[in-house]
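The values are calculated or read from the model by the stated rules, or taken from the named source; none is laboratory data. Note that the structure is predicted; figures quoted are calculated from it, not measured. Please note: Cβ atoms are built from the backbone with ideal geometry, for glycine as well, and neighbour counts cover all protein chains shown. Just so you know, the surface numbers come from the protein's heavy atoms only, side chains and all, with ligands and any DNA or RNA stripped out. Shrake-Rupley method; radii C 1.70, N 1.55, O 1.52, S 1.80 Å.
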Amino acid sequence: MDIASRPAEPEQNLQTADAAPAPQAPPVIRREDYLPPAWLVPEIALDFALGLDATTVVSKLSVRRNPDGNGTPTLRLNGDQLAPVAVHVDGEAVNDWRMDGPDLLIELAGEAHEVSVETALVPSGNSQLMGLYASNGMLCTQCEAEGFRRITFFPDRPDVLSTYSVRMAGDRAVFPILLANGNCTAQGESEDGTHWAEWHDPWPKPSYLFALVAGELIANHATFTTMSGRKVDLNVWVRPGDEGRTQHAVDSLIASMKWDEETFGREYDLDLFNIVAVSDFNMGAMENKGLNVFNTRYVLADPDTATDADYDAVEGVIGHEYFHNWSGNRITCRDWFQLSLKEGFTVLRDQLFSADMGSEPVKRIEDVRILRIAQFPEDSGPLAHPIRPDSYQEISNFYTATVYNKGAEVIRMMRTMAGEERFRKGTDLYFERHDGTAATCEDFVTAIEDGAGLDLSQFRLWYSQAGTPQVSVALQQEGARLVLTLRQAVPTTPGQPEKQPMPIPLRVALFDRATGTHGGETLIVLTKAEDRFVFENAPADPVLSINRGFSAPVAIEMLRPDADLVFLAAHDDDPFARYEAMQSLVVQHLVAAVGGGLDEGARAQGREAIGAAFGAIVTDPALDDLMRGELMLLPAESYLAEQLLVSDPGAIHAEREGLKAWLGKALAADLEALHDRVSAVPYGREAAARGARKVKTQALVYIAAGNPAEGARRGLAQYQGAQSMTDRQGALMVLASLDCPEREEALADFLARYEGNALVIDKWFSLQAGSLHPRVLAHIKTLSAHPEFRMSNPNRVRALYMAAAMNPVAFHDPGGEGYRMIGDLIRRLDPINPQTAARFVPSLGRWRRVEPQRAALMRAELERIAAEANLSRDVREQVTKSLG
Ligand SMILES: [Zn+2]
């Protein structure tokens, strides 16, 4: 599954009667309590009579006692807001079943039985978007993590693998297309106007990978021939009218299939691969076997409606879900604590794929930026958890940047230490050893250890310890030798007061300042709390480049002279290190300025140093524009806040904006020349044209910061002359933050131009909610009452409110209005879509790291939420931990 989005609208979430109210303190589920299932279900046959308002499901389970289970005669079938309409055992109706909370319990005497249960669902009333629900006149499912139990009673845990046969019947006019996992084995018409289809998936799978889709859909069809010569039919299904925006998705799917064969030796294993785009979806996309269900935003793309970043996201998410066919589906997770087994590994695979499809250095920089913005704050906050958590109350809350992105970094470190070839031997062994099973993170590490020939015994700490390690660096010259002393500290996190040192692989190079070159890169692995590394024959005037390529997900602590950072920003041959030097230069300056450690003279001096390095980046003819665009980005405010124990978001914002405006003024001529040059490049999908577009909006941002009138003039020109959404959205983003007539003109034009295109209207909401306009809070309030705003659509809710929660001006308004707005949203959204509502809690949960006045307001908002009587398990867990 891909995280990426958030939530939806009003009223109604129950499917049938008999739902137990959520208890105030949901039970804590612990990894160490794992027990194998008592009963196995080798086969299941599902029969659906489909209707948007009423669907009935008859589920026939072949159950068999698990020889490794505890021998209990009680078959526990999980349910969630379900009531059994009828229960049969071995063909006989039985009445002696009982309910235990939401679960159905049946006593079974023998070793093997056929158990059949009928349930009745109301898909149109399912606003949680988990289980079977109606979206835009069609029916679809989302079962990861625990949605299948909202469709039928089942041992809904990932280590129960079954072969699925599905029959579905429905009104042909409403549901002309009927899809499920695997291959379609039969279909036909009935006399009453209904039609039916039967599907069979030969690969045993856990219930979270089940999927069904029924509705009016149209396919972009293609074929792919696998490395062993099998032909696979590919379909990307969308609503009629959207088919013109599916070619990039089809191309991305074909590229993914080919790449996984070449890079990991993985071949697709069914005759058919379907992707369906759905407009109401909690997540980014879902890897159901042979039938991926996608949020429309990760399928639909054309130059007029999708930015270059949208194109990349489509390619990345299509790759991600496709790669799950092996890392997730063929080998699944034993339990949900192992989520990183499939997600960390699959994120790494999609990162490597995107790097191969585009620019490897730029992709690496983007991945690190996401890690720092989304994961570092998790690691330093009240919700910190290891990539393999030890306990949870609601598993939906653990689809986090830690499990996904840090999980990927941890596996990337193994790859760095083993080297590509040996790492591949490890993954080959993993796929071979565990194919067809539900495995653990430990199984994965052991396979890499055995296959790649690495000793990972100490490395396993990365799976159990939370927190971002801090590595402090000291350099000492001893004649011709240079001694590098490294110290690591893993910060205390909730439930983990004591930490042990972890292996930290660091790629380092020593530059000679005189020549601008280095004598070769080395990989050092810091395994102790403190260690010394000696470089013989060091240059007389060395400059250290460390954690090149971001070889370890750590924070490097080293106060460096500006001159060293300026040198590396100009000379480092590792593109990430070059970017990092520029970032560090700015971070050092801004953190000192925010902390009040700079007088006017020192501030001016710092800005001059940054201005010189920045100016070189703006004008360097040897730099490609894609990379230039990365180097021109200032560090995010949330990342700056991470550098401080307690931060003042207002001061950070003012200093960062002040620097932006100063750069815009000081380099006005160069920035305008750059904007003119790239504005002349015609639209194309090739790297040079993409780079031009990226730099165009970057340049405009600084021009507008330095000279708002010139920014407004150029912004409107860029908007009106745009040949693509990238240029149009970039211009509108800049204009939205300015207080000028051009702003209103462009916003009105954009809304009218893209009327009816939901994904583009999302952008319209998001650009305004994310703007730095002084009246942004009033704008957001107006937008929440706009006829195009719908609480029931997760994409729209995210577009408005996630943009607001991430906007420092709106969210950290000194009066607390931003906190109140997000608090109100959580309370309104929770009864409708708890999963999405819970994703807004962490923004308020960072109160301990914020200055006292704002912290009190944030905390008060959390307390207001906690006082609600009927909070979902999702929100309850996040709020309690955030206050605790
Ligand atoms: Zn995933």
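Shape class of region 373-479 from the alpha-carbon gyration tensor: oblate, with a/c at 1.5 or above and b/c at least as large as a/b.
For the peptides 517-523, 734-740, residues were scored by their other Cβ atoms within 10 Å and the scores averaged per peptide; the highest-first order is 734-740, 517-523.
Among 29-41, 654-666, what's the highest-first ranking by average C-beta atoms within 10 angstrom per residue? Don't skip to the answer; put the middle values down first.
Numbers: 29-41: 15.4, 654-666: 18.5.
With the highest mean Cβ count within 10 Å placed first, the list reads 654-666, 29-41.
Only Cα pairs under 8 Å and at least 6 apart count here; give the relative contact order of the chain as a rounded whole percent. Could the numbers behind the result be given before it?
Details: 1808 pairs, mean separation 98.4, N = 884.
Relative contact order here is 11 percent.
Taking a ≥ b ≥ c as the square roots of the eigenvalues of the Cα gyration tensor of region 637-762, is the shape rounded (a/c under 1.5), prolate (a/b larger than b/c) or oblate? Prolate shape, in that a/c is at least 1.5 and a/b is the bigger ratio. Of the peptides 723-731, 746-754, the ranking by mean beta-carbon count within 10 Å, highest at the top, reads 723-731, 746-754. Taking each of Lys289/Lys694; Lys205/Lys258; Lys406/Lys881 in turn, the alpha-carbon distance tops 27 angstrom for Lys289/Lys694.
Surface composition of the chain: carbon plus sulfur atoms hold 52% of the accessible area, using a 1.4 angstrom probe and ignoring ligands, DNA and RNA. For the chain, the solvent-accessible area works out to 36 Å² per residue, with a probe of 1.4 Å and every protein chain left in place. Which of the three applies to region 114-200, rounded, prolate or oblate, going by the alpha-carbon gyration tensor with a ≥ b ≥ c and a/c under 1.5 meaning rounded? Here region 114-200 falls in the oblate category. Measuring max minus min along each principal axis, the C-alpha atoms of the chain give extents of 87, 62, 59 Å (largest first). On full extension, the segment bounded by Ala654 and Asp749 gains 31.1 nm, given 0.36 nm per residue less the C-alpha separation. Over the chain, dividing the summed -39,500 (n - 2.57) contributions of all DSSP H runs of at least 4 residues by the number of residues returns a 222 nm mean residue ellipticity of -12000 deg cm²/dmol.
Between Asp573 and Glu261, 0.36 nm times their residue separation minus their Cα-Cα distance comes to what? Walk me through the numbers before you get to the answer.
Values: separation 312, 0.36 × 312 = 112.32 nm, distance 3.13 nm.
Gain in length upon complete extension: 109.2 nm.
Region 313-394 gives an Rg/Rh value of 1.01, both radii derived from C-alpha positions and Rh following Kirkwood.
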